1. Considering only residues that are open to solvent by less than 50 Å² (accessible area, probe 1.4 Å) and in a loop (DSSP other than H, G, I, E, B), look in region 55-66 and name the one that is nearest to residue 286 (Cα to Cα).
2. What is the one condition in (1) of a type in the set (S, T, N, Q); (2) closer than 29 Å to residue 207 by Cα; (3) touching a residue at least 24 places away in the same chain (Cβ under 8 Å); (4) part of a loop (DSSP other than H, G, I, E, B) that residue 240 does not satisfy?
3. Among the numbered criteria (1) in a loop (DSSP other than H, G, I, E, B); (2) of a type in the set (A, V, I, L, M, F, W, C); (3) touching a Gly at 6+ places or on another chain (Cβ under 8 Å), which single criterion is violated by residue 139?
4. Filter region 186-209 down to the residues that are part of a loop (DSSP other than H, G, I, E, B), of a type outside the set (Phe, Trp, Tyr) and buried (at least 16 other Cβ atoms within 10 Å of the Cβ), then identify the one that is farthest from the chain's Cα centre (by Cα).
5. Across region 142-164, which residue is most open to solvent (accessible area, probe 1.4 Å) among those that are out of contact with any strand residue (DSSP E or B) (no Cβ under 7 Å at 6 or more places or on another chain), in a loop (DSSP other than H, G, I, E, B) and of a type outside the set (Ser, Thr, Tyr)?
6. Exactly one of these conditions fails for residue 167: (1) of a type in the set (Gly, Ala, Ser); (2) under 28 Å from residue 281 (Cα atoms); (3) open to solvent by less than 60 Å² (accessible area, probe 1.4 Å). Give me its number.
7. Across region 44-81, which residue is farthest from residue 298 (Cα to Cα) among those that are among the small types (Gly, Ala, Ser) and in contact (Cβ under 8 Å) with a residue 60 or more places away in the chain?
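The values are calculated or read from the model by the stated rules, or taken from the named source; none is laboratory data. In this text, all values refer to a predicted model and were calculated from it rather than measured experimentally. Here Cβ is always computed from backbone atoms with ideal geometry, including for glycine, and neighbour counts include all displayed protein chains. Remember, those area values only see protein heavy atoms, side chains included, never the ligands or the DNA or RNA. Shrake-Rupley method; radii C 1.70, N 1.55, O 1.52, S 1.80 Å.
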Amino acid sequence: MGARKRHSPRRGSLAYSPRIRAKSMEARIRAWPKSDSEEPRILAHCGFKAGCVQIVSIDDREKTPNAGKQLVSLGTVLATPPVLILGMRGYSKDHDGMHAEWDVYSEDVPKHIAKEITIKNTKDAPAKAEQRLKRTLEIFAIVAVSPRSAGLEQKKPYIFEALVSGGTIQKQYEHVKELLGKEIKIDQIFETGSSVDVAAITKGKGWQGVLKRWNVKKKQHKSRKTVREVGSLGPISPQSVMYTVPRAGQFGFHQRTEYDKKIMIIGNTNDDKIVINPDGGYKHFGLVRGDFVVLKGSVPGTYKRLIKMRSQIRNAPSKVTKPNILEVVV
């Protein structure tokens with residue numbers, strides 16, 4: 001009998017860990033909430049991480065020990081320049097999944113944005129789109145944001161899709177059609193007191209061992225040749241290493257989505273009532289100019305990184321209560 005062939009793992013399989021480097025600096029939003037509102041609205045916006053502040057507010061959570069008392073919490077400041085509505089895209093669905101049915105773009109697209117995407121816009125594109133609205137299941141707005149509008153040095157803009165929800169497909173189409181070529185601000189999509197989900201790429205830490213990567217316990221001193229390794233990789237027979245065994249590898253620079261981040265402040269640096277910039281600006285970012293938002297808690301990613309904000313998909317409350325903020329310590 002011949003020797004048994006040893007099968008190598010398939011390329012692209014799970015291997016030992018799903019923790020791999022993100023493919024892009026821009027996070028991808030894969031799920032969207034459904035709105036019961038009769039008026040259509042865009043469900044996403046974005047910003048750039050600037051720094052952190054301390055927020056002194058009155059705890060508005062009922063039936064908690066600190067209800068009605070002062071609460072000091074961490075806040076993350078995001079510079080949120082206006083986003084440009086480049087166009088819109090309709091999707092239909094069949095047994096093979098979702099497919100792009102039609103595209104409509106604005107006639108006036110800035111040159112630095114037009115060279116980043118392929119725009120096949122024709123004069124009869126809106127007419128063709130209206131004819132295919134019966135087959136359209138979802139409508140997405142194609143938006144673009146320039147990091148330079150937030151005071152950053154990056155020239156290349158970020159372009160992504162944001163779902164339009166609420167009302168009928170016809171209303172959604174008319175709503176985005178009116179916004180083509182216009183800029184929308186953060187306060188036109190979200191309001192103070194509401195919660196959002198944030199998607200971003202975490203801070204990269206390179207190749208790390210199992211202790212830092214998986215929080216494995218150190219072995220006893222002089223018990224083995226090594227202390228900072230896993231005690232056992234698995235049984236001798238069958239001779240294989242399960243994907244659940246902690247292994248060294250890439251740590252950080254992963255795509256992550258965090259849920260239910262409450263919007264504490266939406267403002268503009270031109271407003272004298274709100275002072276959000278420390279003396280000399282934020283470290284690694286500088287001064288925040290223009291529109292900004294302060295989210296309660298931490299946000300994944302390093303400074304200057306793009307943070308996408310989506311309408312809350314989990315535990316959405318029926319009523320929005322605005323926070324009672326006493327002081328912001330920068």
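1. Taking the candidates together, the pick is 59.
2. Result: residue 240 fails condition (3) only.
3. Going through the list (1) in a loop (DSSP other than H, G, I, E, B); (2) of a type in the set (A, V, I, L, M, F, W, C); (3) touching a Gly at 6+ places or on another chain (Cβ under 8 Å), residue 139 breaks only (1).
4. The qualifying residue farthest from the chain's Cα centre (by Cα) is 209.
5. 153
6. (2)
7. Applying the filter and picking the extreme gives 44.
Yes or no, residue by residue, for (1) open to solvent by 20 Å² or more (accessible area, probe 1.4 Å); (2) part of a strand (DSSP E or B):
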residue: 81; (1), (2): no, no
residue: 88; (1), (2): no, yes
residue: 93; (1), (2): yes, yes
residue: 99; (1), (2): yes, yes
residue: 103; (1), (2): yes, yes
residue: 109; (1), (2): yes, no
residue: 113; (1), (2): no, no
residue: 117; (1), (2): yes, no
residue: 120; (1), (2): yes, no
